[in-house]
Amino acid sequence: MNIYFDKKRGVFFHNKKANSPLFWGMFDELLPLSAEKTDSSLVKINVKKNGCRIGPLVGILTSKTKDGDVIGSKDVFISIQKQLQLCGGLSFIYTMEDCNEQFIDGTFFVEEENSWFKASFPYPNIIYNRLSARSDEKSEQFINHTNKLNHHQIFFFNPSFIDKYSMYQLFSKNPLLHPLLPSTRLIKEKEDLLEFLEAYSIIYLKPTIRSQGKGIFHIKREEDATFICKNAKKTYTFSSFIELWSFIEKAIQKNSYIAQVDIESAKISENKYDYRILSHYVNDEYQLTGVGIRVAEAGKITTHLSKGGSIFPYEKVKKKIIRKSVPLDYSRMWKNFIERIRKLRRVHN
(Lines give C-alpha, C1' and ligand atoms only; values in the text may rest on other atoms or scores of the structure.)
Protein backbone atom coordinates (compact mmCIF):
# COMPACT_ATOMS: atom_id res chain seq x y z
CA MET A 1 0.00 0.00 0.00
CA ASN A 2 0.97 3.68 -0.24
CA ILE A 3 1.31 6.41 2.33
CA TYR A 4 2.09 10.03 1.58
CA PHE A 5 4.45 12.74 2.79
CA ASP A 6 3.31 16.36 2.53
CA LYS A 7 6.37 18.43 1.63
CA LYS A 8 4.67 21.67 2.63
CA ARG A 9 3.55 20.58 6.09
CA GLY A 10 6.28 18.00 6.69
CA VAL A 11 3.87 15.25 7.81
CA PHE A 12 3.05 11.67 6.83
CA PHE A 13 -0.50 10.39 6.33
CA HIS A 14 -2.61 7.84 4.46
CA ASN A 15 -5.85 8.47 2.57
CA LYS A 16 -7.70 5.14 2.64
CA LYS A 17 -10.38 5.10 5.31
CA ALA A 18 -10.82 1.37 4.80
CA ASN A 19 -7.25 0.83 6.07
CA SER A 20 -7.80 2.77 9.32
CA PRO A 21 -6.44 2.68 11.88
CA LEU A 22 -2.78 2.37 10.84
CA PHE A 23 0.18 2.35 13.23
CA TRP A 24 3.92 2.57 12.68
CA GLY A 25 7.17 2.58 14.62
CA MET A 26 8.11 0.68 17.76
CA PHE A 27 5.51 2.42 19.93
CA ASP A 28 2.67 1.94 17.41
CA GLU A 29 2.18 5.64 16.71
CA LEU A 30 -1.06 6.41 14.86
CA LEU A 31 -0.55 7.39 11.22
CA PRO A 32 -3.07 10.19 10.46
CA LEU A 33 -5.86 9.71 7.93
CA SER A 34 -6.38 12.59 5.53
CA ALA A 35 -8.69 13.13 2.60
CA GLU A 36 -6.21 15.36 0.78
CA LYS A 37 -6.00 14.83 -2.96
CA THR A 38 -2.64 13.92 -4.41
CA ASP A 39 -0.74 16.81 -5.98
CA SER A 40 2.84 17.91 -6.59
CA SER A 41 3.38 18.70 -2.91
CA LEU A 42 2.81 15.06 -1.94
CA VAL A 43 5.38 12.29 -2.07
CA LYS A 44 4.11 8.72 -2.47
CA ILE A 45 5.85 6.04 -0.41
CA ASN A 46 5.39 2.29 -0.72
CA VAL A 47 4.98 0.46 2.60
CA LYS A 48 4.03 -3.04 3.66
CA LYS A 49 0.80 -3.45 5.63
CA ASN A 50 0.62 -6.21 8.22
CA GLY A 51 -2.73 -6.08 9.98
CA CYS A 52 -2.99 -2.56 11.39
CA ARG A 53 0.76 -1.91 11.21
CA ILE A 54 2.99 -0.67 8.41
CA GLY A 55 6.73 -0.89 7.94
CA PRO A 56 9.21 -1.79 9.22
CA LEU A 57 10.61 1.63 10.03
CA VAL A 58 14.43 1.66 10.21
CA GLY A 59 16.50 4.44 11.76
CA ILE A 60 20.15 4.85 10.72
CA LEU A 61 22.18 6.52 13.48
CA THR A 62 25.06 8.62 12.13
CA SER A 63 27.47 11.32 13.32
CA LYS A 64 27.81 14.99 12.44
CA THR A 65 30.83 17.12 11.62
CA LYS A 66 31.59 20.31 13.54
CA ASP A 67 29.81 22.17 10.72
CA GLY A 68 26.66 20.11 11.23
CA ASP A 69 27.01 17.92 8.12
CA VAL A 70 26.07 14.24 8.36
CA ILE A 71 29.04 11.86 8.23
CA GLY A 72 28.70 8.79 6.04
CA SER A 73 28.23 7.60 2.49
CA LYS A 74 25.00 8.90 0.98
CA ASP A 75 25.25 6.16 -1.63
CA VAL A 76 25.10 3.55 1.14
CA PHE A 77 22.11 5.25 2.77
CA ILE A 78 20.32 5.49 -0.57
CA SER A 79 21.03 1.81 -1.32
CA ILE A 80 19.55 0.79 2.04
CA GLN A 81 16.44 2.86 1.36
CA LYS A 82 15.99 1.36 -2.10
CA GLN A 83 16.27 -2.19 -0.80
CA LEU A 84 13.85 -1.49 2.06
CA GLN A 85 11.34 0.06 -0.30
CA LEU A 86 11.33 -3.11 -2.39
CA CYS A 87 9.94 -4.98 0.62
CA GLY A 88 7.72 -2.18 1.95
CA GLY A 89 10.06 -0.72 4.55
CA LEU A 90 11.19 2.86 5.11
CA SER A 91 14.49 4.19 6.46
CA PHE A 92 15.68 7.56 7.71
CA ILE A 93 19.03 8.88 8.94
CA TYR A 94 19.45 10.80 12.15
CA THR A 95 22.04 11.90 14.73
CA MET A 96 22.02 11.99 18.51
CA GLU A 97 21.08 15.68 18.40
CA ASP A 98 17.89 14.82 16.51
CA CYS A 99 16.37 12.67 19.27
CA ASN A 100 13.40 13.88 21.28
CA GLU A 101 11.39 12.14 23.98
CA GLN A 102 8.57 10.94 21.70
CA PHE A 103 9.96 11.35 18.18
CA ILE A 104 13.13 11.70 16.08
CA ASP A 105 13.85 14.39 13.51
CA GLY A 106 15.40 12.67 10.52
CA THR A 107 16.03 12.76 6.79
CA PHE A 108 14.80 10.23 4.23
CA PHE A 109 15.41 9.66 0.53
CA VAL A 110 12.75 9.38 -2.18
CA GLU A 111 14.02 7.65 -5.31
CA GLU A 112 11.29 8.94 -7.64
CA GLU A 113 12.28 12.53 -6.87
CA ASN A 114 15.98 11.81 -6.31
CA SER A 115 15.77 14.05 -3.25
CA TRP A 116 16.17 14.05 0.53
CA PHE A 117 13.39 15.33 2.80
CA LYS A 118 13.39 16.28 6.46
CA ALA A 119 10.62 14.89 8.65
CA SER A 120 9.72 13.80 12.16
CA PHE A 121 9.46 10.05 12.74
CA PRO A 122 8.22 7.84 15.56
CA TYR A 123 10.89 5.71 17.22
CA PRO A 124 11.68 2.99 14.65
CA ASN A 125 11.41 -0.78 14.85
CA ILE A 126 15.13 -1.22 14.12
CA ILE A 127 18.14 1.07 14.51
CA TYR A 128 21.32 0.58 12.48
CA ASN A 129 24.36 2.07 14.21
CA ARG A 130 26.63 3.91 11.75
CA LEU A 131 28.41 6.24 14.17
CA SER A 132 31.79 7.24 12.76
CA ALA A 133 33.82 7.54 15.97
CA ARG A 134 34.27 5.44 19.09
CA SER A 135 34.19 8.62 21.15
CA ASP A 136 30.54 9.08 20.10
CA GLU A 137 29.72 5.74 21.78
CA LYS A 138 31.16 7.03 25.06
CA SER A 139 29.04 10.18 25.11
CA GLU A 140 26.27 10.61 27.68
CA GLN A 141 23.79 11.17 24.83
CA PHE A 142 24.61 7.80 23.27
CA ILE A 143 24.48 5.93 26.57
CA ASN A 144 21.08 7.45 27.42
CA HIS A 145 19.83 6.70 23.91
CA THR A 146 20.87 3.04 23.98
CA ASN A 147 19.46 2.62 27.48
CA LYS A 148 16.12 3.83 26.17
CA LEU A 149 16.31 1.46 23.20
CA ASN A 150 17.13 -1.48 25.47
CA HIS A 151 14.32 -0.58 27.85
CA HIS A 152 11.79 -0.59 25.01
CA GLN A 153 13.43 -3.60 23.30
CA ILE A 154 14.16 -1.73 20.07
CA PHE A 155 16.59 -3.85 18.07
CA PHE A 156 19.97 -2.10 17.83
CA PHE A 157 22.03 -3.51 14.97
CA ASN A 158 25.83 -3.15 14.93
CA PRO A 159 25.89 -2.03 18.58
CA SER A 160 29.55 -1.06 18.87
CA PHE A 161 33.00 -0.97 17.32
CA ILE A 162 35.06 -4.16 17.40
CA ASP A 163 38.08 -4.62 19.66
CA LYS A 164 40.83 -6.19 17.53
CA TYR A 165 42.42 -8.15 20.36
CA SER A 166 39.09 -9.55 21.57
CA MET A 167 38.38 -10.65 17.99
CA TYR A 168 41.81 -12.27 17.75
CA GLN A 169 41.20 -14.17 20.99
CA LEU A 170 37.83 -15.38 19.69
CA PHE A 171 39.24 -16.58 16.37
CA SER A 172 42.21 -18.23 18.12
CA LYS A 173 39.86 -20.61 19.91
CA ASN A 174 38.81 -22.10 16.59
CA PRO A 175 41.30 -24.89 15.66
CA LEU A 176 40.71 -24.37 11.93
CA LEU A 177 41.01 -20.59 12.00
CA HIS A 178 43.94 -20.43 14.39
CA PRO A 179 46.64 -21.48 11.87
CA LEU A 180 45.48 -18.73 9.49
CA LEU A 181 45.96 -15.90 11.99
CA PRO A 182 49.12 -13.78 12.13
CA SER A 183 51.10 -14.07 15.36
CA THR A 184 49.68 -11.38 17.67
CA ARG A 185 50.56 -9.96 21.08
CA LEU A 186 48.99 -7.35 23.33
CA ILE A 187 51.54 -4.60 24.00
CA LYS A 188 51.40 -3.22 27.52
CA GLU A 189 55.03 -2.20 28.09
CA LYS A 190 58.28 -1.88 26.18
CA GLU A 191 59.43 -5.44 27.07
CA ASP A 192 56.41 -6.82 25.22
CA LEU A 193 57.34 -4.96 22.05
CA LEU A 194 61.06 -5.74 22.36
CA GLU A 195 60.41 -9.48 22.66
CA PHE A 196 58.04 -9.41 19.70
CA LEU A 197 60.58 -7.54 17.54
CA GLU A 198 63.26 -10.05 18.53
CA ALA A 199 60.96 -12.83 17.25
CA TYR A 200 59.77 -11.01 14.11
CA SER A 201 61.74 -8.44 12.16
CA ILE A 202 58.77 -6.81 10.40
CA ILE A 203 55.57 -6.06 12.32
CA TYR A 204 52.49 -3.85 12.54
CA LEU A 205 51.44 -1.97 15.66
CA LYS A 206 47.68 -1.40 15.72
CA PRO A 207 45.39 0.29 18.25
CA THR A 208 42.78 -2.25 19.32
CA ILE A 209 39.83 0.14 19.35
CA ARG A 210 40.41 2.52 16.45
CA SER A 211 39.41 2.20 12.80
CA GLN A 212 40.12 3.51 9.27
CA GLY A 213 43.86 2.93 9.64
CA LYS A 214 44.29 5.52 12.39
CA GLY A 215 47.24 5.12 14.73
CA ILE A 216 48.89 2.24 12.84
CA PHE A 217 52.70 1.86 12.69
CA HIS A 218 54.76 -0.41 10.44
CA ILE A 219 58.12 -1.31 12.00
CA LYS A 220 61.11 -3.08 10.46
CA ARG A 221 64.17 -4.22 12.43
CA GLU A 222 67.26 -3.99 10.24
CA GLU A 223 70.29 -6.30 10.52
CA ASP A 224 72.35 -3.48 12.05
CA ALA A 225 69.77 -3.19 14.90
CA THR A 226 68.31 0.07 13.59
CA PHE A 227 64.56 0.43 13.16
CA ILE A 228 62.48 1.89 10.34
CA CYS A 229 59.05 3.04 11.49
CA LYS A 230 56.29 4.19 9.15
CA ASN A 231 52.92 5.72 9.91
CA ALA A 232 50.30 7.06 7.51
CA LYS A 233 52.24 10.27 6.89
CA LYS A 234 55.96 9.74 7.33
CA THR A 235 58.92 7.33 7.62
CA TYR A 236 61.32 7.53 10.58
CA THR A 237 64.67 5.84 11.27
CA PHE A 238 65.83 5.09 14.82
CA SER A 239 69.31 3.98 15.83
CA SER A 240 68.09 1.89 18.76
CA PHE A 241 65.03 0.29 20.29
CA ILE A 242 65.08 2.88 23.09
CA GLU A 243 64.69 5.67 20.49
CA LEU A 244 61.87 3.76 18.80
CA TRP A 245 60.08 3.21 22.11
CA SER A 246 60.39 6.90 23.03
CA PHE A 247 58.67 7.75 19.74
CA ILE A 248 55.69 5.40 20.08
CA GLU A 249 55.32 5.28 23.88
CA LYS A 250 52.77 8.11 24.04
CA ALA A 251 50.52 6.36 21.52
CA ILE A 252 50.66 3.08 23.46
CA GLN A 253 49.94 4.85 26.75
CA LYS A 254 46.93 6.59 25.20
CA ASN A 255 45.40 3.54 23.46
CA SER A 256 45.51 -0.22 23.84
CA TYR A 257 47.81 -1.68 21.13
CA ILE A 258 48.56 -5.06 19.59
CA ALA A 259 51.60 -6.13 17.61
CA GLN A 260 51.12 -8.41 14.62
CA VAL A 261 53.71 -10.00 12.38
CA ASP A 262 53.69 -8.51 8.87
CA ILE A 263 52.32 -10.84 6.21
CA GLU A 264 53.58 -10.25 2.69
CA SER A 265 50.64 -8.92 0.70
CA ALA A 266 49.61 -9.80 -2.81
CA LYS A 267 50.05 -6.83 -5.15
CA ILE A 268 48.34 -5.10 -8.03
CA SER A 269 50.76 -2.95 -10.05
CA GLU A 270 53.21 -3.14 -7.13
CA ASN A 271 50.59 -1.88 -4.68
CA LYS A 272 49.46 -4.21 -1.88
CA TYR A 273 45.82 -5.21 -1.73
CA ASP A 274 43.49 -7.18 0.50
CA TYR A 275 39.97 -8.48 0.21
CA ARG A 276 37.11 -8.29 2.71
CA ILE A 277 34.44 -10.93 3.07
CA LEU A 278 31.02 -9.68 4.12
CA SER A 279 28.36 -11.95 5.61
CA HIS A 280 25.06 -11.53 7.41
CA TYR A 281 23.20 -13.73 9.87
CA VAL A 282 19.97 -14.81 8.14
CA ASN A 283 17.65 -17.68 9.06
CA ASP A 284 20.03 -19.13 11.68
CA GLU A 285 23.06 -19.12 9.42
CA TYR A 286 25.70 -16.75 8.07
CA GLN A 287 25.40 -16.06 4.36
CA LEU A 288 28.04 -14.55 2.07
CA THR A 289 26.74 -11.15 0.95
CA GLY A 290 29.74 -9.52 -0.66
CA VAL A 291 33.46 -9.51 -1.44
CA GLY A 292 35.40 -6.25 -1.60
CA ILE A 293 38.95 -5.52 -2.78
CA ARG A 294 40.94 -2.57 -1.42
CA VAL A 295 44.25 -1.45 -2.93
CA ALA A 296 46.81 0.64 -1.07
CA GLU A 297 48.25 3.84 -2.46
CA ALA A 298 51.88 3.49 -3.59
CA GLY A 299 54.19 3.34 -0.57
CA LYS A 300 51.36 3.32 2.00
CA ILE A 301 51.22 0.82 4.85
CA THR A 302 47.47 0.08 4.76
CA THR A 303 44.67 -0.18 2.19
CA HIS A 304 42.20 2.03 4.10
CA LEU A 305 40.32 4.49 1.89
CA SER A 306 40.94 7.28 4.40
CA LYS A 307 44.68 6.70 3.95
CA GLY A 308 44.68 6.86 0.16
CA GLY A 309 43.44 3.35 -0.64
CA SER A 310 40.95 2.62 -3.39
CA ILE A 311 38.23 0.10 -4.27
CA PHE A 312 39.14 -2.46 -6.94
CA PRO A 313 36.72 -4.76 -8.84
CA TYR A 314 36.74 -8.25 -7.33
CA GLU A 315 36.25 -9.92 -10.70
CA LYS A 316 39.65 -8.62 -11.87
CA VAL A 317 41.51 -10.55 -9.17
CA LYS A 318 39.10 -13.46 -8.61
CA LYS A 319 40.94 -15.95 -10.82
CA LYS A 320 44.28 -14.96 -9.32
CA ILE A 321 42.97 -15.51 -5.79
CA ILE A 322 41.44 -18.89 -6.62
CA ARG A 323 44.59 -20.05 -8.43
CA LYS A 324 46.81 -19.26 -5.42
CA SER A 325 44.40 -20.41 -2.71
CA VAL A 326 45.74 -22.60 0.07
CA PRO A 327 44.19 -26.11 -0.23
CA LEU A 328 42.11 -26.04 2.96
CA ASP A 329 38.65 -27.40 3.65
CA TYR A 330 37.01 -23.96 3.81
CA SER A 331 33.51 -25.44 3.95
CA ARG A 332 34.32 -27.36 7.14
CA MET A 333 36.23 -24.38 8.56
CA TRP A 334 33.28 -22.04 7.91
CA LYS A 335 30.74 -24.39 9.52
CA ASN A 336 32.97 -24.83 12.55
CA PHE A 337 33.40 -21.10 12.94
CA ILE A 338 29.66 -20.42 12.54
CA GLU A 339 28.86 -22.95 15.24
CA ARG A 340 31.24 -21.17 17.62
CA ILE A 341 29.63 -17.82 16.82
CA ARG A 342 26.20 -19.32 17.52
CA LYS A 343 27.41 -20.51 20.92
CA LEU A 344 28.72 -17.05 21.71
CA ARG A 345 25.41 -15.50 20.67
CA ARG A 346 23.55 -17.84 23.03
CA VAL A 347 25.93 -17.00 25.89
CA HIS A 348 25.64 -13.23 25.38
CA ASN A 349 21.89 -13.37 24.88
* For the stretch 178-199, does any single residue satisfy the condition of being closer than 30 Å to residue 125 by Cβ, surrounded by 12 or more Cβ atoms within 10 Å (Cβ to Cβ) and either within 29 Å of the chain's Cα centre (by Cα) or not polar (S, T, N, Q) (or both)? -> no
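To keep it simple, each residue is scored yes or no on (1) closer than 30 Å to residue 135 by Cα; (2) in contact with a Phe, Trp or Tyr (Cβ under 6 Å, 6 or more places away or on another chain); (3) modelled with pLDDT of 95 or more.
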| position | (1), (2), (3) |
| --- | --- |
| 192 | yes, no, yes |
| 202 | no, no, yes |
| 208 | yes, yes, no |
| 211 | yes, no, no |
| 228 | no, no, yes |
| 234 | yes, no, no |
| 238 | no, yes, yes |
| 251 | yes, no, no |
| 271 | no, no, no |
* When the stretch 156-166 is examined, which residues are found to be surrounded by 12 or more Cβ atoms within 10 Å (Cβ to Cβ) and at pLDDT 90 or above? -> 156, 164, 165
* To do: Determine, yes or no, whether residue 186 is in a helix (DSSP H, G or I) and in contact (Cβ under 8 Å) with a residue 24 or more places away in the chain.
  => no
* Inspect the stretch 140-150 for any residue being assigned to a loop (DSSP other than H, G, I, E, B) and either out of contact with any Pro (no Cβ under 7 Å at 6 or more places or on another chain) or in the same structural domain as residue 94 (by TED's automatic domain parsing) (or both) and give the result as yes or no. => no
* Structure fact -> residue 280 fails exactly one of (1) under 26 Å from residue 162 (Cα atoms); (2) assigned by TED's automatic domain parsing to the domain that holds residue 190; (3) not β-branched (Val, Ile, Thr), namely (2)
* To do: Would you be able to say whether some residue in the stretch 234-255 is touching a Cys at 6+ places or on another chain (Cβ under 9 Å), farther than 25 Å from residue 179 by Cβ and among the aliphatic types (A, V, I, L, M)?
  => yes
* Structure fact -> Apart from one, (1) under 27 Å from residue 308 (Cβ atoms); (2) exposed (fewer than 12 other Cβ atoms within 10 Å of the Cβ); (3) of a type outside the set (Val, Ile, Thr); (4) not assigned by TED's automatic domain parsing to the domain that holds residue 307 all hold for residue 224; the odd one out is (1)
* Among the residues listed as 71, 54, 45, the single one being in contact (Cβ under 8 Å) with a residue 24 or more places away in the chain, farther than 30 Å from residue 160 by Cα and out of contact with any helix residue (DSSP H, G or I) (no Cβ under 7 Å at 6 or more places or on another chain) -> 45
* **Pick from the stretch 90-105, criterion more than 21 Å from residue 31 (Cβ to Cβ) and not aliphatic (A, V, I, L, M), ranking: farthest from the chain's Cα centre (by Cα)** => 97
* Among (1) in the same structural domain as residue 71 (by TED's automatic domain parsing); (2) farther than 24 Å from residue 29 by Cβ; (3) touching a residue at least 24 places away in the same chain (Cβ under 8 Å); (4) out of contact with any Ser or Thr (no Cβ under 6 Å at 6 or more places or on another chain), which single condition is residue 129 missing? -> (2)
* Structure fact -> Quick count over the stretch 227-266, residues being exposed (fewer than 15 other Cβ atoms within 10 Å of the Cβ), within 25 Å of residue 298 (Cα to Cα) and of a type in the set (Ser, Thr, Tyr), is 3
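The values are calculated or read from the model by the stated rules, or taken from the named source; none is laboratory data. Keep in mind that what you see is a predicted model, and the values were worked out from it rather than measured. Cβ atoms come from the backbone with ideal geometry, glycine included; neighbour counts cover every protein chain shown.
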